Amino acid sequence: MNERKTEAIVRELLRKAAYYDSKDIVIEEQKSDNPKIDKFLKNASKRGSGVGLPEFIISSKANSNFIIVIECKAEPSKHQSKTKDKYADYAVDGVLLYSSFLSKEYDVLAIAVSGDKNSHLQISHFLRLKETSESHQYFDDKILSFNEYLDGILHSNYKFNQDYGKLISYTKTINELLHGKKIKESQRALLISGILIALKNDAFKSGYKKHKSAKSLIDSLYSTICTEIAQSDVKSEIAEKLKIAFSFIKTGTSLTDEKDGKGFVEGLIADIDNEVNGFMFTYKYVDTVSQFYVEFLRYANNDKGLGIVLTPTHITELFVELADVNKDSVVFDNCSGPGGFLISAMKKMIKEAKGDRIKESKIKYKQLVGIEYQDDIYALLVSNMILHRDGRTNILLGDCFEKTHEVKKHFSPTVGLLNPPYKTKKSDIEEFEFVLNNLEILERGGKCVAIVPISCVIEDTTIAKTLKKRILNKHTVEAVMSLPEELFHNSDVNVVTCAIVITAHRPHPSNKKNMVRLLEK
């Protein structure tokens, strides 16, 4: 068997996938003109010492952090050893060795190809992300285009988990920085979201470093935020509330300090652009701003006092599935917080629209409804939706119990999603009251999925029993599911929760006795 034939087959597969047609893609064989790649391969010999010589090294000028490395073997029996450490003899073993060196600087897709005929060709893909020690088998047994590989990796759980971990690490770093500047915990997430809004403006993004004073830079930042808000289609009264909410940027002495304020704000904007904007561009429907809010409140140790528990993204996405959200759903959250449920719902609805721009517009402007009571969180919520470029039209400020008729009349929601404020003292509103409010607004047959403390379900106090009977008398409880105790690990709120799924305006059937016993005991 002839390994040169295997290499020829790979070249033809790359040619069919348009690698040789792109001016952006660089295909090299055995050695690289890139000094960084060359440096890492110098000690990557499959025989233990010397230079590593992969059959193909593929890089991109536009995506310089990602490379593909390919190792070939003529014999199919030499595709992979049982131990994956026979580097010189097996294709998989050898390419994994190369990726272990290259991953010190790059995200690496390692491809092993064996066989000198198309009829018995074997192809395996392994993903090893930068600065990690594990390789993950990924993709099928076909050579894809460079963009297909890149897109698949960017949307993989492996890449998301790595990028999300970096984001969480950055929230802690920036929290310390803002704390050192004596910026209030309640204002920190708004400052971040305001800078992100301003960075949407190309003129501001390209020119913010050109200001000669801290005051000039801050004035530009604030005016740009106001301009972007005005152009975001939010209602005028909402726009005015947001401008007031962001006005602390102009008056905060730590930001306008002429001694080091300009350098601080410039550095802050640059860091946020580098660390956060890229993440939000790649993961458009991840509630990024809320992660900062969680960290800032946790640092202040005051989220417990407010009863605020922000829902993790994987839970908001789970609830969207439990509620059977689709492109025709009208989704309502009467305790919106920074908007996690609405963003996850929008993600699925837009995906189901499959590029139908008219439907996407309807989803954004008519099918997402939220209510938030607290002024500062409301400003954060609307800012969050502006950053996601959608869904900000029907975000209401006020008491959900007073807006029942308004929402029901104008929107007719079919899906309710909520994580209500948790009781921290006797005078607080019961969590099930918020669930009942959500159910009241839904259309008959609508689905409500809520997170509540498990005590709501198992308590046998008079109030708890009364609320549970009110639910069962008018609505059907489909399921109650316990949630992990460490669900809110990023918060100081220590509460065990469950998810409850309810169909609206259909009294609970008497034959669902197990559910009745669970709720009434």
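Enumerate the amide H contacts of Leu129 below 5 Å, restricted to partners 5 or more residues apart or on another chain; note that Pro and chain-start residues carry no placed amide H.
The list, which skips near neighbours in sequence, is Val108.
Once a ≥ b ≥ c are taken as the square roots of the eigenvalues of the Cα gyration tensor of region 95-234, is the result rounded (a/c under 1.5), prolate (a/b larger than b/c) or oblate (a/b not larger than b/c)?
prolate
Output wanted: per-residue J couplings in Hz (rounded whole) for region 259-272, from phi through Karplus 6.51 cos²θ - 1.76 cosθ + 1.60, θ = phi - 60°, x for Gly and Pro.
Each residue's phi maps through the Karplus curve to give 5, 9, x, 4, x, 5, 5, 4, x, 5, 5, 4, 5, 5 Hz.
For region 138-151, take each phi angle, set θ = phi - 60°, evaluate the Karplus expression 6.51 cos²θ - 1.76 cosθ + 1.60, and give the result in whole Hz per residue in order, putting x for glycine and proline.
Result, ordered by residue: 8, 6, 8, 9, 10, 7, 9, 6, 4, 5, 5, 5, 4, 5 Hz.
Over the chain, with the other protein chains present, what is the accessible area per residue in square angstrom, probe 1.4 angstrom?
Normalised by residue count, the accessible surface of the chain is 46 Å².
Accessible area of the chain with a 1.4 Å probe: how many percent of it is carbon plus sulfur?
Roughly 48 percent of what the probe reaches on the chain is carbon or sulfur.
Exposed loop GluC sites (Glu not before Pro) only (DSSP loop, at most 11 other Cβ atoms within 10 Å): please give the longest stretch of the chain free of them, not including the sites. Could you put the intermediate results ahead of the total?
Numbers: sites that count: Glu131, Glu134, Glu258, Glu402, Glu486.
That gives 259-401 as the longest site-free run.
What is the ratio of the Cα radius of gyration of region 1-150 to 2.2 N^0.38 Å, with N the residue count, to two decimals?
0.95
(i) 137; (ii) 194; (iii) 204: which one is volume of the Cα convex hull per residue in Å³ as calculated from this entry?
(ii)
Out of the trypsin sites (Lys or Arg not before Pro) in region 379-479, which ones are loop residues according to DSSP with at most 15 other C-beta atoms within 10 Å?
Sparse-neighbourhood loop trypsin sites (Lys or Arg not before Pro): Arg389, Lys425, Lys426, Arg444.
For region 355-365, in order, what is each residue's ³J(HN,Hα) by Karplus, 6.51 cos²θ - 1.76 cosθ + 1.60 with θ = phi - 60°, in whole Hz (x at glycine and Pro)?
Rounded to whole hertz, the list is x, 6, 5, 5, 5, 4, 4, 5, 4, 5, 9.
Over the chain, what is the relative contact order in whole percent, taking alpha-carbon pairs under 8 Å and six or more residues apart?
9
Kindly work out what percent of the DSSP beta bridges joining two residues of the chain are antiparallel, to the nearest 5.
On the way: 30 of 50 bridges.
That works out to approximately 60 percent antiparallel.
The values are calculated or read from the model by the stated rules, or taken from the named source; none is laboratory data. None of these values were measured; they are calculated from a predicted model. Positions of Cβ are backbone-derived with ideal geometry, glycine not excepted, and every protein chain shown enters the neighbour counts. Surface accessibility is based on the protein's heavy atoms, side chains included, excluding ligands, DNA and RNA. Shrake-Rupley method; radii C 1.70, N 1.55, O 1.52, S 1.80 Å.
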